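Novice: Attaching a single structure in structure tokens format; questions to follow.
The values are calculated or read from the model by the stated rules, or taken from the named source; none is laboratory data. For clarity, every value in this text was computed on a predicted model and none was experimentally measured. With ideal geometry, Cβ positions are generated from the backbone for all residues, glycine too; neighbour counts draw on all protein chains shown.
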Amino acid sequence: MTNKILVTGANGELGKLTVKKLLNDGCIVVASMRDPEGRNKSSANELQSAGANIVEIDVTDDSSVIQGITIAIETAGGLDVVVNNAGIGAFGIQETFTDEDWKKLFDVNVFGVQRINRAILPYMRERKSGLLIHISSLIGRMVLPFWGPYSASKWALEALAETYRVELSKYGIESCIIEPGAYPTTFFEGLMEPDDQSRNHSYGDFDQVAKAFFNDFGNALDSNAEQNSQNVADAISILINTPAGQRKFRTVVDQMGMGEHIEGYNNQHEQLTSEIFNTFGIKKMLKLSI
């Protein structure tokens, strides 16, 4: 069977790599993005030339999401998989991010995913099959300084994906998480900065610590050839091509030394979840009904 897949945020580097990898796998791919006829036209043309179907979706807009999902289903002749890849990052001292900064970040990284899922799930439940893939982060499992709001949004995404896992399992629908480490992509070029710069001076030299941390982080990424963003696209492909019911709930993708520690944490968390669900007599909700 040929998988029919929607990838959101396809204009970014990871989105493009994922779309191209899935096309090479023989999948029918719908690549969504904002403004494909304007600022993202070159990305849209590139992916269309590779064989993707382009659909405009702004994940922060309800009507855009509903219309885009409808068009995607019609264009592809159905949808088996949704890759929730659209997202934005943020870097800075947490206190200096305003309420509006937080709302903007969560509107894409959390509410945007919920909009996409709500739009596609009635279709998947009717078919009693489907796969939701959520692109999280290693710092959706722990924190690093200066990534606070971004990390918080990914922690929220993880909870969202976990809940869908158990609430959808009886309908034959899987919810899975990809947890990449940091990768040297265009993601870093579009990072949100805190809007309240007036507070920086009260932190003294600590503001410079943040800048140095960011530069050192970037240098470490650039010097590690194994930390290739293609690895993430490949991991998404492997997950999709794994038979339903046999897919890992969480997949860590990292070559910077953090991943192995998060893997251990994930394994402990999975055991804890299983034991607690068993105590409440709902352990079967962790298994997919096929």
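Novice: What number of residues within the range 1-38 satisfy the criterion of being more than 19 Å from residue 68 (Cα to Cα), in a loop (DSSP other than H, G, I, E, B) and polar (S, T, N, Q)?
Specialist: Within the range 1-38, residues that are more than 19 Å from residue 68 (Cα to Cα), in a loop (DSSP other than H, G, I, E, B) and polar (S, T, N, Q) number 1.
Novice: Scan 17, 23 and give me the residue that is crowded, with 17+ Cβ neighbours inside 10 Å, out of contact with any His (no Cβ under 8 Å at 6 or more places or on another chain) and in contact (Cβ under 8 Å) with a residue 60 or more places away in the chain.
Specialist: Result: 17 is the single residue among 17, 23 that is crowded, with 17+ Cβ neighbours inside 10 Å, out of contact with any His (no Cβ under 8 Å at 6 or more places or on another chain) and in contact (Cβ under 8 Å) with a residue 60 or more places away in the chain.
Novice: Here is a further query. Test each condition in (1) over 30 Å from residue 290 (Cβ atoms); (2) in a strand (DSSP E or B); (3) of a type in the set (Val, Ile, Thr) for residue 209 and report the one that comes out false.
Specialist: (2)
Novice: Then there's this: Can you find even one residue in the range 39-47 that is crowded, with 19+ Cβ neighbours inside 10 Å, outside any loop (DSSP other than H, G, I, E, B) and among the basic types (Lys, Arg)?
Specialist: no
Novice: Filter the range 168-208 for residues that are closer than 21 Å to residue 92 by Cβ and of a type in the set (Asp, Glu); which is surrounded by the most Cβ atoms within 10 Å (Cβ to Cβ)?
Specialist: In this case the residue turns out to be 207.
Novice: Then there's this: Just one of the numbered conditions (1) in contact with a Gly (Cβ under 8 Å, 6 or more places away or on another chain); (2) closer than 24 Å to residue 92 by Cβ is not true of residue 128; which one?
Specialist: The single condition residue 128 does not satisfy is (2).
Novice: Same structure, new question: So residue 238 ticks every box in (1) at pLDDT below 95; (2) in a helix (DSSP H, G or I) but one. Which box is left unticked?
Specialist: Unmet for residue 238, out of (1) at pLDDT below 95; (2) in a helix (DSSP H, G or I): (1).
Novice: Another question about this same structure. Looking at the range 69-91, can you tell me whether even one residue there is closer than 23 Å to residue 251 by Cβ, surrounded by fewer than 22 Cβ atoms within 10 Å (Cβ to Cβ) and over 14 Å from the mean Cα position of the chain (by Cα)?
Specialist: Looking for residues that are closer than 23 Å to residue 251 by Cβ, surrounded by fewer than 22 Cβ atoms within 10 Å (Cβ to Cβ) and over 14 Å from the mean Cα position of the chain (by Cα), one finds at least one in the range 69-91, hence yes.
Novice: Further question: Given the residues 242, 251, which is the only one that is in contact with a helix residue (DSSP H, G or I) (Cβ under 7 Å, 6 or more places away or on another chain) and surrounded by 15 or more Cβ atoms within 10 Å (Cβ to Cβ)?
Specialist: 251 is the lone residue from the list that is in contact with a helix residue (DSSP H, G or I) (Cβ under 7 Å, 6 or more places away or on another chain) and surrounded by 15 or more Cβ atoms within 10 Å (Cβ to Cβ).
Novice: Where the second residue is at pLDDT below 95 and the first is part of a helix (DSSP H, G or I) and lies in the range 267-285, which pairs have Cβ atoms under 7 Å and are six or more apart or on separate chains?
Specialist: Within 7 Å, no pair qualifies.
Novice: Give, as residue ranges, the helices (runs of 4 or more DSSP H) completely inside the range 90-186 that count at least 1 residues that are under 30 Å from residue 216 (Cβ atoms).
Specialist: Output list reads 99-109, 148-168.
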